[in-house]
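Inspection log for the structure reproduced underneath, given as structure tokens.
Throughout, read-outs are computed from the coordinates displayed, never taken from laboratory work. Keep in mind that what you see is a predicted model, and the values were worked out from it rather than measured. Here the Cβ positions follow ideal geometry from the backbone for every residue, glycine too, while neighbour counts run over all protein chains shown.
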Amino acid sequence: MFTVIGKPKATIHRDIEALAGQYDDVVIDGPPRVYDVTRSVAAACDIVVIPVQPSPYDVWAAKEIVDLVQEAMHFKENLQTFFLISRKVSNTAIGRDVKDALAGYPIPLLEVSIGHRIAFAESAGHGQTVLETLPKGAAAKEIRGLAQSLRKRYGKESVVRHKTRA
Ligand SMILES: Nc1ncnc2c1ncn2[C@@H]1O[C@H](COP(=O)(O)OP(=O)(O)OP(=O)(O)O)[C@@H](O)[C@H]1O
Ligand SMILES: [Mg+2]
């Protein structure tokens, strides 16, 4: 479905143009903590998405990356940054609390979220994504919704509609 390369180097912001050349979209999976590579990734991106699980530990841990992204915004005016709630369990108090806690950061929360779903691990076990194993399932729907939400933010909404139909 897509090409994957490993490039854990702090030169991604310089290399991205040549790497991205022939693709519509590039997704960079950042490292878990803030290192030079993360700084380079932020400089390479149009949109930074910070996934946060509904737990105070994740909310506290986000501070480090929020600081880094804000630093990147100083020299990259058009950089957009969002929180994304991931592994959400519907209708729990902690789910509501995490929204309140994130409101303390100067970064908006995406309107879509990703639920805690076994389908993600199961599809990975088959070397596939949920779009392949359960294309009509709730997990695939969430992923398509996330893609659409992000593309909307840099004017590519129509492309997503086209691809979703295909
Ligand atoms: N939405 C979800 N529902 C259920 N399980 C999930 C979900 N997202 C992630 N997981 C599980 O959590 C584990 C860690 O996921 P993942 O590797 O995506 O996290 P990560 O934050 O990128 O970790 P790392 O910091 O190591 O890169 C995996 O076992 C994965 O299957
Ligand atoms: Mg990871």
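Per DSSP H run of at least 4 residues, take -39500 (n - 2.57); add these up for the chain, divide by its residues and hand me the 222 nm value, nearest 500 deg cm²/dmol.
On the way: 8 runs with 84 residues, N = 166.
Dividing the helical sum by the residues of the chain leaves -15000 deg cm²/dmol.
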Amide H contacts under 5 Å for Phe83, placed H, 5+ residues apart: Ile50, Leu109, Leu110
When each of Lys99/Lys152; Lys9/Lys76; Lys76/Lys136; Lys9/Lys141 is checked by Cα-Cα distance, pairs over 28 Å: Lys76/Lys136; Lys9/Lys141
Span-like helix ranges in the chain, DSSP H, alpha carbon extent 20 angstrom or more, Kyte mean at least 0.0: 56-75
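Within 12 Å, Cβ to Cβ, of Ile114, how many net charges do the neighbouring residues add up to if Lys/Arg are +1 and Asp/Glu are -1? Numbers along the way, then the final one.
Values: positive: Arg87, Lys88, Arg117, Lys141, Arg144; negative: Glu142.
Every neighbour counted, the sum reads +4.
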Difference of contour (0.36 nm per residue) and Cα-Cα distance, Asp24 to Arg96: 22.4 nm
